[in-house]
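We did not get these values from a lab; they are worked out from the coordinates using the rules stated. Treat the numbers as computed from the prediction; the structure is a model and nothing was measured. Please note: Cβ atoms are built from the backbone with ideal geometry, for glycine as well, and neighbour counts cover all protein chains shown.
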Amino acid sequence: MDLKKILPKGGPPINEVSKYIEKYKNDLIVIKYGGNVFIDRNIFNNFIKDISILNKLGLSIIVVHGGGPRIKRELEKSNIQSKFLKGLRVTTDQIINIVENVLIDFNNDIVRSLKKIGSEAVSINTKENNIIEVVPEAEELGYVGIPNKINNDILLNIINENKIPIVSPLGLQKNQTFNINGDVAAGKIAESLKCRRLLLMTNVEGVLDKNKKLIEEISSSEILEMIKNETITSGMIPKISTCLNAINNGVTAVGIIDARPQHSILFELFSDKGSGTLIRK
C-alpha cells in the first residue's frame, strides 16, 4: 500500500499512520457525523474525502449520519411546527414522512459522493437494508424509537466486501418507520458489534473542563463526577450518556471529536496526539 498516494497533505505523519493502521486492522469503528456539522458543504466534502481515505487504508468502518438542520428546513418549507421534549423531536404521522424522506435523500447524497471518489458505499435505511428494529421511546413523542435489535449480519457482509455501510438513524416496528436520535443509533450499533471505537463527530471541541480547556482523555468515573459538579451541563449530557452506555456495553473507547478542522478524524485515529476527547471505562 502506497501511503503517500492515499494520505492527504496536512494529514498525520506517515510513520504514525503505519503504526495505527496495524493497530486497527482487525477492528470495527462506528463514526457518527452530526447533521449540524454538515451545514457547511466544505466540511461535508472534507468528510467524504476522509471516509474514503479510511476505506482505502483498509479500515472497517460504519458511518451513521444525522440530519437535524435539513429536517428543520423541510418542515419550515411545509409550515409545520416542531415541538421538542427532552431534546427529542415530537414526531407525528406528517413529520415522520418528511424525516424519512430527508434522511434517505441525505444518505443517498453521501453514497453518491463517496462513489465519485472511488469508494463503494451502501445505503442502510428503512427502505433498503434496514438493520434497526425499535420500540417506541414514549407515547407523547410519537414516532420516536429506541433501537432494541441490530442486524449485524447485513453490516458485516457489506464491510467484508470492502464497502462502507451508510446508516440513516431510522428504524422499523411492524413496518412503521420511527425516527431515532443519531447518537443513540450509532451507540447501539457500536455496542451490538462490540466495536473498538465509536467516534461522535460534532461541532464542539470535545469535553471541556471548568476553565473551558479541552480534556484529551478521561474515564467514565471522572465523567460522572463532572456531571455531578455541573462542569458538564444539559446540552452535552445526552451525548455523554451514549458514550457511557457504549463503554459499559463492550465498546473499547469513545471519542467526541470536532469535525470542523480538516482531517480531525485522521488525526484522532492515526496520530499520537489524537483529536478531541477520548473516553475509556
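Go through segment 240-260 and give me each residue that's of a type in the set (A, V, I, L, M), outside any loop (DSSP other than H, G, I, E, B) and in contact (Cβ under 8 Å) with a residue 40 or more places away in the chain. Spell out the reasoning first.
In the first step, residues of segment 240-260 are kept if they are of a type in the set (A, V, I, L, M); the result is 240, 244, 246-247, 251, 253-254, 256-257, 259.
Keeping just the survivors that are outside any loop (DSSP other than H, G, I, E, B) gives 240, 244, 246-247, 253-254, 256-257.
Ala246, Ala253, Val254, Ile256, Ile257, listed by residue number.
Residues that are within 30 Å of Thr233 (Cβ to Cβ) and either of a type in the set (Val, Ile, Thr) or out of contact with any Phe, Trp or Tyr (no Cβ under 7 Å at 6 or more places or on another chain) (or both) occur at least once in segment 147-155.
Which residues, counting only those in segment 14-61, are of a type in the set (Gly, Ala, Ser) and either in a helix (DSSP H, G or I) or under 18 Å from the mean Cα position of the chain (by Cα) (or both)?
Step one: filter segment 14-61 for residues of a type in the set (Gly, Ala, Ser), giving 18, 34-35, 52, 58, 60.
Once the filter is applied, which keeps residues that are of a type in the set (Gly, Ala, Ser) and either in a helix (DSSP H, G or I) or under 18 Å from the mean Cα position of the chain (by Cα) (or both), segment 14-61 yields Ser18, Gly34, Gly35, Ser52, Ser60.
Cβ-Cβ distances below 8 Å connect the following pairs, each with a first residue in segment 261-280 that is more than 23 Å from Asn55 (Cβ to Cβ), a second residue that is polar (S, T, N, Q), and a separation of six or more residues or different chains: Ile279/Ser219; Ile279/Ser220; Arg280/Ser219; Arg280/Ser220; Arg280/Thr252. Against the numbered list (1) part of a loop (DSSP other than H, G, I, E, B); (2) more than 18 Å from Val37 (Cβ to Cβ); (3) among the β-branched types (Val, Ile, Thr), Val204 comes up short only at (2). Residues in segment 62-79 that are outside any loop (DSSP other than H, G, I, E, B), touching a residue at least 24 places away in the same chain (Cβ under 8 Å) and either among the β-branched types (Val, Ile, Thr) or in contact with a Ser or Thr (Cβ under 8 Å, 6 or more places away or on another chain) (or both): Ile62, Val63, Val64, His65, Ile71. For segment 143-161, the criterion of being in a loop (DSSP other than H, G, I, E, B), more than 18 Å from the chain's Cα centre (by Cα), in contact (Cβ under 8 Å) with a residue 24 or more places away in the chain and loosely packed, with under 15 Cβ neighbours inside 10 Å is satisfied by at least one residue.
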